[in-house]
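Comments concern the structure below.
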Amino acid sequence: MSDIQAVQARLVDNINAASDLDTLEALRVAALGKAGSITALLKTLGGMSPEERQAQGPRIHALRESVTTAIASRKAALDAAALDVKLAAEAIDMTLPAAETPRGSVHPVSQVMDELAEIFADMGFAVATGPEIEDDWHNFTALNIPETHPARAMHDTFYFPEVGEGATQRMLLRTHTSPVQIRTMMSEAPPIRIIAPGRVYRSDSDATHTPMFHQVEGLVIDRGIHMGHLKWTLETFLKAYFERDDIVLRLRPSYFPFTEPSAEVDVGYRQEKGRRIVGGHGDVDGHAWMELLGSGMVNRRVIANCGLDPDEWQGFAFGVGVDRLAMLKYGMDDLRAFFDGDLRWLAHYGFGALSVPTLSGGISA
Ligand code: PHE
């Protein structure tokens, strides 16, 4: 009995005095290993009489228990000390000046959106925004796209899970920036002149489609607005954006539920060294037409859905892909790279924080 207590006291002292993990491991093996002292004691239980075993068993087991606990707590202490040493050695002085200059750059999409805001501000357009998580009514119904309309299927919509009782409509990720038309007409009195740049979402993915992309919507509501205003506005915008005067547009009859009539707008371009260079008449030799954006006169039903009198107020709207505009101007050929976050791509195509586009300083800065 006193033997066991003496063994325990000696072992625990040694364990607590162990100055490193190797010493501690050696002590563990010497006590609890196959040929360890406590293991040997446990083996003696087999040769004892039942009475002896009843007396000694609990003591030997208690010895093993206390030695195991002592080893575990010493190990935790040594681990913590080792970590402290490691952390102290690896400490970084955050107040030191950076070894490299910061590498951040303005993403081409942000840059192009700034360019658009600058160009349209000069024509008297304000910038409007709307939520990316939209409801069915603003994204579809108010835009004259009823429940059964094939355009709903065309949009490959990301819907949120069906909501519970009491909720009136299903939420979705907006498939275009056109719901901002609705929100603006409902919250502002005409005349209205806005652009609405932002993210849109469709369940689509390949070299030219990503599930998230960017559009800019344009909307003008006033008295006596006609297609001539639309064409002039687009021409003026594209001349400023591409910084050349030979922008030629072709309006092709098309269909959107929210515009009537609708026009697909093509722009003349030519191919040069594998790149599309916007400019020139698409029917001239070496040139062709490229589809650039959707547009039209705002459908009377959409104007009425927003509580305005379509006999008094008319307007035009257009929608264009911002990523596409960026690719055409700055020469990237794979849309997916826009959203990879690859620093090399960003360093190559990104813009300096100080190259703010201005009409006087040059739009592409
Ligand atoms: N919302 C349409 C689309 O995403 C584009 C568009 C906008 C067409 C405004 C006409 C008028 O394809």
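Rule-based calculations on the coordinates, nothing more; no lab input. Since the model is a prediction, treat every value here as computed from it, not as a measurement. All Cβ positions, even for glycine, are placed from backbone atoms using ideal geometry, and neighbour counts span all protein chains on display.
Numerical summary
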{"quantity": "Distance between segment 51-124 and segment 276-294 - C-alpha centres, whole angstrom", "calculated": "56"}
{"quantity": "Residue-span extension gain [residue 301 to residue 90] - 0.36 nm each, minus C-alpha spacing", "calculated": "69.2 nm"}
{"quantity": "Translational D in µm²/s for segment 55-176 (Stokes-Einstein at 4 °C, 1.567 mPa s, Kirkwood Rh from C-alpha pairs)", "calculated": "57"}
{"quantity": "For the chain, with +1 on Lys and Arg beta carbons and -1 on Asp and Glu, the positive-most of 341, 126, 80 along the dipole", "calculated": "80"}
{"quantity": "The chain: projected area of the alpha-carbon convex hull, averaged over directions, in nm²", "calculated": "34.6"}
{"quantity": "Which of 73, 355, 178 has the fewest Cβ neighbours within 10 Å, and the rest in rising order", "calculated": "73, 355, 178"}
{"quantity": "Calculated diffusion of segment 2-89, Stokes-Einstein form, Kirkwood radius summed over Cα pairs, 20 °C and 1.002 mPa s, µm²/s", "calculated": "152"}
{"quantity": "Dipole axis of segment 11-105 (+1 Lys, Arg; -1 Asp, Glu on Cβ), positive-most option in 47, 104, 31", "calculated": "47"}
{"quantity": "Cβ charges +1 (Lys, Arg) and -1 (Asp, Glu), total dipole of segment 1-122, debye", "calculated": "1380"}
{"quantity": "Label-point separation in nm, residue 359 to residue 29, each point 7 Å along Cα→Cβ", "calculated": "8.4"}
{"quantity": "Base-10 log of normalised Debye intensity for segment 294-344 (one unit scatterer per alpha-carbon) at q = 0.18, 0.20, 0.26 Å⁻¹", "calculated": "-0.66, -0.71, -0.97"}
{"quantity": "Residues of type lysines that residue 273 reaches as a straight line, Cα spacing below 24 Å, ignoring anything fewer than 8 places off in the same chain", "calculated": "239, 329"}
{"quantity": "Segment 112-270 - Rg (one decimal) and Dmax (whole number), Cα, Å", "calculated": "16.8, 57"}
{"quantity": "Stokes-Einstein D in µm²/s, Kirkwood radius over Cα pairs - segment 122-178 at 37 °C with 0.692 mPa s viscosity", "calculated": "259"}
{"quantity": "Contour minus Cα-Cα distance for residue 3 and residue 231 (0.36 nm per residue)", "calculated": "71.7 nm"}
{"quantity": "Label-point separation, residue 121 to residue 283 (7 Å along Cα→Cβ), nm", "calculated": "4.0"}
{"quantity": "Order of 119, 133 under a 10 Å beta carbon neighbour criterion, fewest first", "calculated": "133, 119"}
